[in-house]
Each structure stands twice: as structure tokens, then as C-alpha cells.
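These notes are about the structure you will find just below.
Coordinate-derived values only; no laboratory data. Here the structure is a predicted model, which is why all the values come from computation and not from measurement. Don't worry about glycine lacking a Cβ; one is built from the backbone with ideal geometry, like all the others, and counts go over all protein chains shown.
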Amino acid sequence: MHLRYALLALLSEGEAHGYQLLKLFNQRLGPFWHPNIGQVYQLLHDLERRGLVARRDQRVGPRLRRIFRLTTRGERALRTWLTRRPAWPPPLRDEIFIRLLAVERDGPRALLDQLTRRRRNAAGSSVLTRRPVCRERQRAATGVREHRKRAAREAGEHWTGPPVSTTI
């Protein structure tokens, strides 16, 4: 999902400032995604620079509030995006990928250590908190498993650990 299009969609319902947009976003999408206010304002300024939203400043006591609205160009961009084929597979946002990126320069042993730590932590989680996960998590688990095998091969070892859990 693209946060910029979520902001355009919310602004298609009327003007709002960044905190209102963040609140609406969290109310509508619940626990699935939690952008921070910095991301929201950064994207709003980018959308304004591109002419997709317009801003007006409103004085509220001593503060200046930035109110955004969708422009005709922004409405057109949102409609165009809606006609496009959705990205497939959906992008994965999993911490392990960032961890692997961060230790990649340290070599295969560091990659394997991160993957082993991940497996150990997943194995130590309570059975009571585990639940089936969506296909996205299963694809992520498969990717992690393949990355783990490759890191073990590069480190000159044979990986025999269990597959990455597809439950949390």
C-alpha cells in the first residue's frame, strides 16, 4: 500500500491538516500500518511540490496550522492509480530484511547469526500467542529460509535448522 495514495484518498473527502489525516488513517486502517507524523508531513510537502495537493495556512492562536486539500491534478493522479494493476506480490515490510541488509557487509557468518537469532526468538514465542498468518508472511518466511540457506552455503556450512515459522 502506498501512503501517498492513502493521503490523496483521505483528502478527497475534504480538507485536513497532517494530524487529522494521521488520525483518520489510523481509524480506518487500524492495526495494519502505523505511519508516523513525520512521514505524513514529508509526503504532504512532496505532494504539494508536485501540485497534487494545495496548502493554506490557518492561524490557530499562536500556532500556524497547515491545511491541505486535493487539487484537480491530485484527483486525476488518484483515479489513474486506481485503474492500474496492483503491485504483485505486495511489498514485504519485515524487520529481518533490514537486519540482513545491515549485516550483509560483515559477511555470511553475520547473516547466518541474524537468521539463527530470528529462528531462536520465533521458537521461543508462546504457543498461546501463535496464530496463522497471511500469504505475505508465508512468502517472507520462504525468502528468509532461502537467504539463510545461501548464507550457510557461503559460510561453508550446511544449514539443517527447521524452516522459518509461518505463525506468530
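If R0 is taken as 45 Å, the Cβ-Cβ distance between Glu154 and Ala87 corresponds to a FRET efficiency of 0.90.
Report the full-extension gain for the segment Glu95 to Thr80: residue separation times 0.36 nm, less the Cα-Cα distance, to one decimal in nm.
This chain segment gains 2.2 nm when fully extended.
If a spin label sat at a point 7 angstrom from the Cα of Arg65 along the line to its beta carbon, the backbone N atoms of the range 1-17 nearer than 15 Å would be those of 14-17. Each peptide in 8-15, 34-41 was scored by the mean count of other Cβ atoms within 10 Å over its residues; highest first, the order is 8-15, 34-41.
Report the FRET efficiency, 1/(1 + (r/R0)^6), for Arg28 and Asp106, where r is their Cβ-Cβ distance and R0 is 41 Å, rounded to 0.05. Each step should come with its number before you reach the end.
Details: r = 41 Å, r/R0 = 1.00.
Efficiency computed from Cβ-Cβ geometry: 0.50.
Length gained on full extension, Gln42 to Arg73, computed as 0.36 nm times the residue gap minus the Cα-Cα distance: 9.3 nm.
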